[in-house]
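The values are calculated or read from the model by the stated rules, or taken from the named source; none is laboratory data. For clarity, every value in this text was computed on a predicted model and none was experimentally measured. Ideal geometry is used to build each Cβ from the backbone, glycine not excepted, and the neighbour counts take in all protein chains shown.
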Amino acid sequence: MKQLYYVSITYNLHYLCSMKSVIERYKKATEDQLQTSNPISEVKFWKREVDVLRQQLHNLQENHRQLMGEELSGLSVKDLQNLENQLEMSLRGVRMRKDHILMSEIQELSQKRNLIHQENVELNEKVKLIQQENMALYKKVHGTKDVNEANSNALLTNSLSIRNDPHEPICLQLCQPLQQNLETSSGITTLGLQLQ
């Protein structure tokens, strides 16, 4: 049994090797044949390819001219209807793409607007904090007897009044201390930021 198995394997190997050599000889023969007849058949092949490509180019140019509305005189009503449908489909695709781009830009601008609004709210909070700090400083410097006068004079003269519209733009600018009434407040300096 073992000997039969060995013979079978040897036979299969010999068969496979002989098949491999047959295939290699066949490939070599076909390559040799192609090389001997290659120049003529290759020229014919490339001539056919050139003719096919030339016809495709002609068809594409004619189709382009028709899409541009030129050379329509030879077309039937059915051809014109097909051309119109093709143009409408193309136009629909262009409009969809344009709408998509516009919607993306609108969404991006909306996000920027929200960020700017949030910054504005934060800046308004900072302005209110600065106003409170200025009032505290004013109270320390002038005492508590003129709190109402301080509210009206210090804040209004320095343009730090609380605004009704929180969306109104505020421009902060550093300024020199203002001398208010020289007769009544000689030697007293007013501190603060000026809003414009």
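For this structure, a couple of remarks:
- Verdict on residue 70 being at pLDDT 70 or above and outside any helix (DSSP H, G or I): yes
- Residue among 103, 68 that alone is aliphatic (A, V, I, L, M) and surrounded by fewer than 10 Cβ atoms within 10 Å (Cβ to Cβ): 68
Residue-by-condition table, conditions (1) in contact (Cβ under 8 Å) with a residue 40 or more places away in the chain; (2) closer than 30 Å to residue 31 by Cβ; (3) touching a Gly at 6+ places or on another chain (Cβ under 8 Å); (4) not acidic (Asp, Glu):
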residue: 44; (1), (2), (3), (4): no, yes, no, yes
residue: 48; (1), (2), (3), (4): no, yes, no, yes
residue: 51; (1), (2), (3), (4): no, yes, no, no
residue: 60; (1), (2), (3), (4): no, no, no, yes
residue: 64; (1), (2), (3), (4): no, no, no, yes
residue: 69; (1), (2), (3), (4): no, no, no, yes
residue: 73; (1), (2), (3), (4): no, no, no, yes
residue: 78; (1), (2), (3), (4): no, no, no, yes
